[in-house]
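A.B. asks: Take a look at this one; I'll ask things after.
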Amino acid sequence: MRWITVVIARARDRRVARATRWLAVVVLLTMGMPAAAKSLSDTLGVFQPGFVTITPAILELQRALARATDFPATTTTPGIIYHFDVASGAFERVSGPLGPAFLERAETVGAGRFDLAASYLYARFTRFGDESLSDFLSSRFVAVAGSLVVPQQVETRNFSVTSHVIYFSATYGVTGDTDVNLLLPVYYTAMGGERRFTVVGQTGDFSSLDANAFGPGDLLLRAKYRFLDRNTWGLAAGLTLQLPTGDDADFQGTGEMFVMPSVVGSWQSERFEAHGSFGVAIGASDLARSGVRYGVGGSFAVLKRLTLLTDFVGTSAFTDENVTFFVPDPRLVTIRGEFNPPIEASAIDGGTLFSTTLPRTDVLDLAVGMKAIIVPNLVWFMGVIVPLTQSGAHPAVIPTGGIQYEF
């Protein structure tokens, strides 16, 4: 037996700027059909067996988590710089800071040399904007079935998403001025919390949202060409191809291929170093997902083998993002309501296609830490990334660390 329940959410006024945000549509499919969770997003979109949530808030959270877990990529820049000395016929180390961890500088690894790196990053997401994820996913409803209006409520508690990420990076110096790099992140993502559904004053039991996923993130293929070298400063051009090898439904990738040309500049002395970069990330299949990625920072060599780092890393989208989702039931095309953000429904391929628009995001992070030479050619670093903006989903702080080896 098939029947449909249309649920319209009433938002609680949490922000003055957003008086009404919640509107949800809950579709009750075949009573006996199992609600198999194939991804973390599927688990998040299921209230209880048979119920599927279609709501701007969950769509916004799913896309926001896919964006937020696309963490800053580790650098291709070598921690230790070598220049080839013609007189001696060998590479000699250049005195100076050990360079950034999450941004680029113009220096290259050197012709025929390798730089291998592995790093770890931990992020626990508990906030969306200025409220908790649990509050963001909790709402009150009225269900409309003909002339019958039934009050309903969804409560979420202790909800969080935790990302454990290991980056594997390899850089090779094709020439003295040209580097190529491959970076692959590997994710273990854990989602936790509880949720319950209340209808007509009958309160259900809390059900678990616990789930986890393991897999690769988006693969980065990067190249850098230093076209200007003036001893203490230089300029380089970069090109990054971001391949959607990760699964955005498990918050382990963006689900989009990006092509990003960039320009990098840096200056250094024996104790200080400054660097900056600017790039345009072009969405290969959806230009609306394009944006800019930029950063500026510096480092200070406290000792010959110890450097302190400070970087500001930012991303900004150009426009709002259009999101669509499909439900295999054509009767839902009759849904009407005051959606915020607005939702439109249209009949297509024996079902209903919903579309909505999510607001653009601006993210700025502060990365601070230190690098140290442990043994010759082996550099260790540790630090934290602190979000400076509260756009979308964000953790309080992101600890990170890793090693970098050159040969």
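The values are calculated or read from the model by the stated rules, or taken from the named source; none is laboratory data. Just so it is clear, the structure is predicted and the values come from calculations on it, not from any experiment. Please note: Cβ atoms are built from the backbone with ideal geometry, for glycine as well, and neighbour counts cover all protein chains shown.
A.B. asks: Residues being surrounded by fewer than 16 Cβ atoms within 10 Å (Cβ to Cβ) and among the acidic types (Asp, Glu): count how many of those fall in segment 277-327.
C.D. replies: Selection size over segment 277-327: 2.
A.B. asks: Let me ask something else. So which residues in segment 280-300 are outside any loop (DSSP other than H, G, I, E, B) and within 25 Å of Val323 (Cβ to Cβ)?
C.D. replies: Matches in segment 280-300: Val280, Ala281, Ile282, Gly283, Leu287, Ala288, Arg289, Gly291, Val292, Arg293.
A.B. asks: Pairs please, first residue from segment 109-125 and at positive phi, second anywhere and assigned to a strand (DSSP E or B) and among the hydrophobic types (A, V, I, L, M, F, W, C), Cβ atoms under 8 Å, 6+ apart in sequence or on different chains.
C.D. replies: Gly110/Phe84; Gly110/Phe91
A.B. asks: Mind listing just one residue for me: the one in segment 214-234 that is of a type in the set (A, V, I, L, M, F, W, C) and within 17 Å of Val259 (Cβ to Cβ) and, of those, surrounded by the fewest Cβ atoms within 10 Å (Cβ to Cβ)?
C.D. replies: Leu221
A.B. asks: Here is a follow-up. Identify, please: which residue in segment 121-136 is part of a helix (DSSP H, G or I) and either under 27 Å from Gly401 (Cα atoms) or of a type outside the set (Gly, Ala, Ser) (or both) and is, among those, nearest to the chain's Cα centre (by Cα)?
C.D. replies: Leu133
A.B. asks: Filter segment 264-276 down to the residues that are among the small types (Gly, Ala, Ser) and surrounded by fewer than 23 Cβ atoms within 10 Å (Cβ to Cβ), then identify the one that is nearest to Ala236 (Cα to Cα). Spell out the reasoning first.
C.D. replies: We begin by selecting, within segment 264-276, every residue among the small types (Gly, Ala, Ser); these are 265-266, 269, 274, 276.
From the residues that got through so far, the ones that are surrounded by fewer than 23 Cβ atoms within 10 Å (Cβ to Cβ) too are 265, 269, 274, 276.
On the way: Gly265: 6, Ser269: 18, Ala274: 14, Gly276: 11 Å.
So, considering only residues that are among the small types (Gly, Ala, Ser) and surrounded by fewer than 23 Cβ atoms within 10 Å (Cβ to Cβ), the one nearest to Ala236 (Cα to Cα) is Gly265.
A.B. asks: Could you tell me whether segment 371-380 includes any residue that is within 14 Å of Ala101 (Cβ to Cβ), in a strand (DSSP E or B), over 27 Å from the mean Cα position of the chain (by Cα) and at pLDDT 80 or above?
C.D. replies: yes
A.B. asks: Also, quick follow-up: Can you tell which of Gly276, Gly314 is touching a residue at least 12 places away in the same chain (Cβ under 8 Å), assigned to a strand (DSSP E or B) and under 13 Å from Glu104 (Cα atoms)?
C.D. replies: Residue meeting the stated conditions: Gly276.
Listed here are the residues, each with its yes/no results for (1) in contact with a helix residue (DSSP H, G or I) (Cβ under 9 Å, 6 or more places away or on another chain); (2) in contact (Cβ under 8 Å) with a residue 24 or more places away in the chain; (3) not β-branched (Val, Ile, Thr).
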position	(1), (2), (3)
Ile348	yes, no, no
Leu358	yes, yes, yes
Ala367	no, yes, yes
Met370	no, yes, yes
Ile373	no, yes, no
Pro376	no, no, yes
Phe381	no, yes, yes
Ser391	yes, yes, yes
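A.B. asks: Give me the residue from segment 79-120 that is assigned to a loop (DSSP other than H, G, I, E, B) and surrounded by fewer than 16 Cβ atoms within 10 Å (Cβ to Cβ) and, out of that set, modelled with the lowest pLDDT.
C.D. replies: We begin by selecting, within segment 79-120, every residue assigned to a loop (DSSP other than H, G, I, E, B); these are 79-81, 86-89, 94-113.
From what is left, the residues that are surrounded by fewer than 16 Cβ atoms within 10 Å (Cβ to Cβ) are 86-89, 94-95, 111-112.
Details: Val86: 57, Ala87: 63, Ser88: 61, Gly89: 61, Val94: 65, Ser95: 68, Ala111: 89, Gly112: 89.
Filtering first and then ranking leaves Val86.
A.B. asks: If we scan segment 242-251, do we find a residue that is closer than 30 Å to Ala190 by Cα, out of contact with any helix residue (DSSP H, G or I) (no Cβ under 6 Å at 6 or more places or on another chain), of a type in the set (Asp, Glu) and at pLDDT 95 or above?
C.D. replies: First pass over segment 242-251, keeping only residues closer than 30 Å to Ala190 by Cα: 242-251.
After this cut, where a residue has to be out of contact with any helix residue (DSSP H, G or I) (no Cβ under 6 Å at 6 or more places or on another chain) as well, the list is 242-247.
When the remaining residues are screened for being of a type in the set (Asp, Glu), the result is 247.
Those still in the list that are at pLDDT 95 or above too: none.
The answer is no, given that none of the residues of segment 242-251 is closer than 30 Å to Ala190 by Cα, out of contact with any helix residue (DSSP H, G or I) (no Cβ under 6 Å at 6 or more places or on another chain), of a type in the set (Asp, Glu) and at pLDDT 95 or above.
A.B. asks: Scan (1) hydroxyl-bearing (Ser, Thr, Tyr); (2) more than 30 Å from Gly234 (Cα to Cα); (3) touching a Ser or Thr at 6+ places or on another chain (Cβ under 7 Å) for the single condition Thr171 breaks and write down its number.
C.D. replies: Looking at each condition in turn, Thr171 falls short on (2).
A.B. asks: Still on this model: In segment 254-273, what count of residues is obtained for those that are in a loop (DSSP other than H, G, I, E, B) and either among the basic types (Lys, Arg) or within 15 Å of the chain's Cα centre (by Cα) (or both)?
C.D. replies: Residues that pass the stated criteria total 5.
Residues are listed down the side, and each one gets a yes or a no for (1) of a type in the set (Lys, Arg); (2) in contact (Cβ under 8 Å) with a residue 12 or more places away in the chain; (3) in contact with a Leu (Cβ under 9 Å, 6 or more places away or on another chain):
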{"site": "Val186", "(1), (2), (3)": "no, yes, no"}
{"site": "Arg196", "(1), (2), (3)": "yes, yes, no"}
{"site": "Asp205", "(1), (2), (3)": "no, no, no"}
{"site": "Ala211", "(1), (2), (3)": "no, yes, yes"}
{"site": "Trp233", "(1), (2), (3)": "no, yes, no"}
{"site": "Gly238", "(1), (2), (3)": "no, yes, no"}
{"site": "Pro244", "(1), (2), (3)": "no, yes, yes"}
{"site": "Ala249", "(1), (2), (3)": "no, yes, yes"}
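A.B. asks: Just to be sure I understand, how many residues within segment 193-234 are in a loop (DSSP other than H, G, I, E, B) and aliphatic (A, V, I, L, M)?
C.D. replies: Of the residues in that region, 2 qualify.
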